[in-house]
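Okay, so here's the structure we're looking at.
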Amino acid sequence: MPSLPIPSPPRTTEFSELALIEPLLRAVAAEGYETPTPIQQAAIPHVLAGRDVLGCAQTGTGKTAAFALPILQRLVAAGPVTRGPRHSRVLVLTPTRELATQIGDSFATYGRHTPLRHTVVFGGIGQNPQVRALRAGVDILVATPGRLLDLLGQGLAHLEQVEVFVLDEADRMLDMGFIHDVRRVIDRLPTRRQTLLFSATMPAEIRSLAGSILVRPVQVGGAAPVSAAADNIDQSLYFVEKADKRALLAHLLGDRSITRALVFTRTKHAANRVTEHLRRAGVGAGVIHGNKSQGARERALADFKAGRARVLVATDIAARGIDIEDISHVINFDLPNIAESYVHRIGRTARAGAAGIALSFCDTAERESLPDLERLLHAPLRVVLDHPFRSPLRPPAPAPVPSAAAPSRPRGPAVAARPTHRRRRWWPRSGR
């Protein structure tokens, strides 16, 4: 699947320059959007032209509007279905229910001045309201793979009229083990269709998938084979023993400049324990993970968005499903098992070009994962030395990074760069 080389798009300063119709421009203006982001400038003309698109865009770059706006315009231009049942003409497949909900909200917002209808289907709740919406007829279906396959198996969802297929957060689908389900859904789609694939990273597996479903795609938004964190995120690392992590978190949250923090843990049990510890310390905190009901997750997100909870504790299920403005800090209470997940986590801050801060805790057992993470980032993380819960163990040497990549420079007196020469590892390894 050779992707076509695309020249840099001309600089666009207004949405009206993207040839969008008046109802969409009115909706965009009502949201206060003035200048399209680079991914929107690059993708919208190609989607309007009916081309397959391979989009590599970091989180927070506005890629939902990059496909939603031109899709809405193409459906309006095509007119309503006049024969037979009104089945979905657009399918957007996404990994999590939170992200599915937010994409559905985006279609509702941008399409408010059009006659188009959409619905969202995902698991964790009863299917009857979703089935009723499908039976009433929709133009756009946003779905997670598992629930969609359930409805297809029952004959309650139909994909034979799909004209545009969007696979969003493809690398997250891979991380969560959904690629087999994605391929099962693709097998049910019409062969003649427009396909858009968006991914924050482009590992080899995603390029292989893209090669099997895209036809002469244009590539927009970058071409990195692996991920790199956004340049506007200030990242630092705290070496701390596992038993001191909760105390360190409470200590850092004493800084009132941390106005809205998203805290990631590796397990559901840890998320609950961290949340309880923060509440006992007088910090307003909510929690979301896979064991929480949909209602509980929605309430926790609503409290976090409204500022009633200053902290939201989450497992990686939320790494791609949260799109909340003004998250000042992302805190990795536990380092992720998969290095690429680090990029997805910290992308929750620094949305839409804003600056953000990412703080990561690393205990003795987690030191083994640092080399993979630093190779992915092409630079060692800066180490914060001045904190009351600093591990007594000596910091390890950083992983070798490509010679072209210079290590990030420290900021502030409490941050020290790690040495760049290699040493023999001597720190304890877990399980050995």
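Out of everything in the range 102-141 that is of a type in the set (Ser, Thr, Tyr) and touching a residue at least 24 places away in the same chain (Cβ under 8 Å), what residue ends up being surrounded by the most Cβ atoms within 10 Å (Cβ to Cβ)?
Residue satisfying both the conditions and the ranking: Tyr110.
Which pairs turn up if I take residues in the range 258-281 that are within 17 Å of Arg348 (Cα to Cα) and look for partners that are surrounded by 17 or more Cβ atoms within 10 Å (Cβ to Cβ) and of a type in the set (Lys, Arg) with beta carbon separation below 6 Å, at least 6 apart in sequence or on another chain?
Between residues of the range 258-281 that are within 17 Å of Arg348 (Cα to Cα) and residues that are surrounded by 17 or more Cβ atoms within 10 Å (Cβ to Cβ) and of a type in the set (Lys, Arg), the close pairs are Leu262/Arg348; Phe264/Arg345.
Out of all the residues in the range 256-278, which are charged (D, E, K, R) and closer than 20 Å to Ile324 by Cβ?
Within the range 256-278, Arg256, Arg260 meet the criteria.
Restricting the first residue to the range 375-390 and requiring it to be of a type in the set (Phe, Trp, Tyr), which pairs with a second residue that is surrounded by fewer than 20 Cβ atoms within 10 Å (Cβ to Cβ) and part of a loop (DSSP other than H, G, I, E, B) meet a Cβ separation below 9 Å and a spacing of at least six or different chains?
Phe389/Glu241
Does the range 105-114 contain at least one residue that is within 28 Å of Ser293 (Cβ to Cβ) and assigned to a loop (DSSP other than H, G, I, E, B)?
No, because not a single residue in the range 105-114 is within 28 Å of Ser293 (Cβ to Cβ) and assigned to a loop (DSSP other than H, G, I, E, B).
List the number of the failed condition for Gly286; all other conditions in (1) within 19 Å of the chain's Cα centre (by Cα); (2) not in a helix (DSSP H, G or I) hold.
Of (1) within 19 Å of the chain's Cα centre (by Cα); (2) not in a helix (DSSP H, G or I), only one is false for Gly286: (1).
Anything in the range 201-212 that is part of a helix (DSSP H, G or I) and surrounded by fewer than 21 Cβ atoms within 10 Å (Cβ to Cβ)? List them, or say none.
Listed by number, the residues that qualify are Ala204, Glu205, Arg207, Ser208, Gly211, Ser212.
Restricting the search to the range 71-101, which residues are modelled with pLDDT of 95 or more, crowded, with 24+ Cβ neighbours inside 10 Å and either more than 26 Å from Ile179 (Cα to Cα) or of a type in the set (Val, Ile, Thr) (or both)?
Ile71, Leu72, Val90, Val92
Is there any pair linking a residue in the range 187-201 that is without any contact (Cβ under 8 Å) to a residue 60 or more places away in the chain to one that is loosely packed, with under 15 Cβ neighbours inside 10 Å, with Cβ under 7 Å and at least six apart or on different chains, and which?
Pro190/Glu160
Pick from the range 338-355 the residues that are over 24 Å from Ala243 (Cα atoms) and surrounded by fewer than 22 Cβ atoms within 10 Å (Cβ to Cβ): which of them is modelled with the lowest pLDDT?
Of the range 338-355, the ones over 24 Å from Ala243 (Cα atoms) are 340, 343-344, 347-355.
Cutting the leftovers down to surrounded by fewer than 22 Cβ atoms within 10 Å (Cβ to Cβ) gives us 340, 351-355.
Details: Glu340: 75, Arg351: 67, Ala352: 59, Gly353: 62, Ala354: 70, Ala355: 79.
Checking each candidate, the answer is Ala352.
Being assigned to a loop (DSSP other than H, G, I, E, B) and within 19 Å of the chain's Cα centre (by Cα): is that true of Thr61 here?
On the way: assigned to a loop (DSSP other than H, G, I, E, B): yes; within 19 Å of the chain's Cα centre (by Cα): yes.
Against the criterion (assigned to a loop (DSSP other than H, G, I, E, B) and within 19 Å of the chain's Cα centre (by Cα)), Thr61 qualifies.
Filter the range 247-257 down to the residues that are in contact (Cβ under 8 Å) with a residue 12 or more places away in the chain and surrounded by fewer than 20 Cβ atoms within 10 Å (Cβ to Cβ), then identify the one that is farthest from His387 (Cα to Cα).
For the range 247-257, the residue satisfying everything is Ser257.
Count, please, the residues in the range 108-158 that happen to be among the aliphatic types (A, V, I, L, M) and in contact with a Ser or Thr (Cβ under 7 Å, 6 or more places away or on another chain).
7
Among (1) out of contact with any helix residue (DSSP H, G or I) (no Cβ under 8 Å at 6 or more places or on another chain); (2) under 30 Å from Ser88 (Cβ atoms), where does Ala271 come up short?
All conditions pass for Ala271, except number (2).
In the list Ile327, Ile322, which residue meets the criterion of being modelled with pLDDT under 95, in contact with a strand residue (DSSP E or B) (Cβ under 6 Å, 6 or more places away or on another chain), surrounded by 16 or more Cβ atoms within 10 Å (Cβ to Cβ) and in a loop (DSSP other than H, G, I, E, B)?
Ile327
With respect to Gly295, is the statement that it is of a type in the set (Gly, Ala, Ser), assigned to a loop (DSSP other than H, G, I, E, B) and free of Cβ contacts under 8 Å to residues at least 12 places away in the same chain true? Steps first, please.
Numbers: of a type in the set (Gly, Ala, Ser): yes; assigned to a loop (DSSP other than H, G, I, E, B): no; free of Cβ contacts under 8 Å to residues at least 12 places away in the same chain: yes.
Against the criterion (of a type in the set (Gly, Ala, Ser), assigned to a loop (DSSP other than H, G, I, E, B) and free of Cβ contacts under 8 Å to residues at least 12 places away in the same chain), Gly295 does not qualify.
Condition first: under 21 Å from the mean Cα position of the chain (by Cα), within 22 Å of Thr101 (Cβ to Cβ) and assigned to a helix (DSSP H, G or I). Can you find one or more residues in the range 351-373 that meet it?
Yes, the range 351-373 contains at least one residue that is under 21 Å from the mean Cα position of the chain (by Cα), within 22 Å of Thr101 (Cβ to Cβ) and assigned to a helix (DSSP H, G or I).
Exactly one condition in (1) under 25 Å from the mean Cα position of the chain (by Cα); (2) among the acidic types (Asp, Glu); (3) not in a helix (DSSP H, G or I) is false for Glu160; which is it?
Glu160 satisfies all of (1) under 25 Å from the mean Cα position of the chain (by Cα); (2) among the acidic types (Asp, Glu); (3) not in a helix (DSSP H, G or I) except (1).
Conditions (1) under 16 Å from Ser236 (Cβ atoms); (2) touching a Gly at 6+ places or on another chain (Cβ under 8 Å), marked per residue:
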position: Ile338; (1), (2): no, no
position: Tyr342; (1), (2): yes, no
position: Ile346; (1), (2): yes, yes
position: Ala358; (1), (2): yes, no
position: Pro371; (1), (2): no, no
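With the requirement that a residue be at pLDDT below 65 and touching a strand residue (DSSP E or B) at 6+ places or on another chain (Cβ under 9 Å), what does the range 365-411 give you?
Within the range 365-411, Pro407, Ser408, Arg409, Pro410, Arg411 meet the criteria.
Return only the number of the condition from (1) modelled with pLDDT of 95 or more; (2) under 30 Å from Thr315 (Cα atoms); (3) part of a loop (DSSP other than H, G, I, E, B) that Thr119 does not satisfy.
Condition not satisfied by Thr119: (3).
The values are calculated or read from the model by the stated rules, or taken from the named source; none is laboratory data. Given the structure is predicted, the values throughout are model-derived calculations rather than measurements. In this analysis, Cβ positions are derived from the backbone assuming ideal geometry, glycine residues included, and neighbour counts consider all displayed protein chains.
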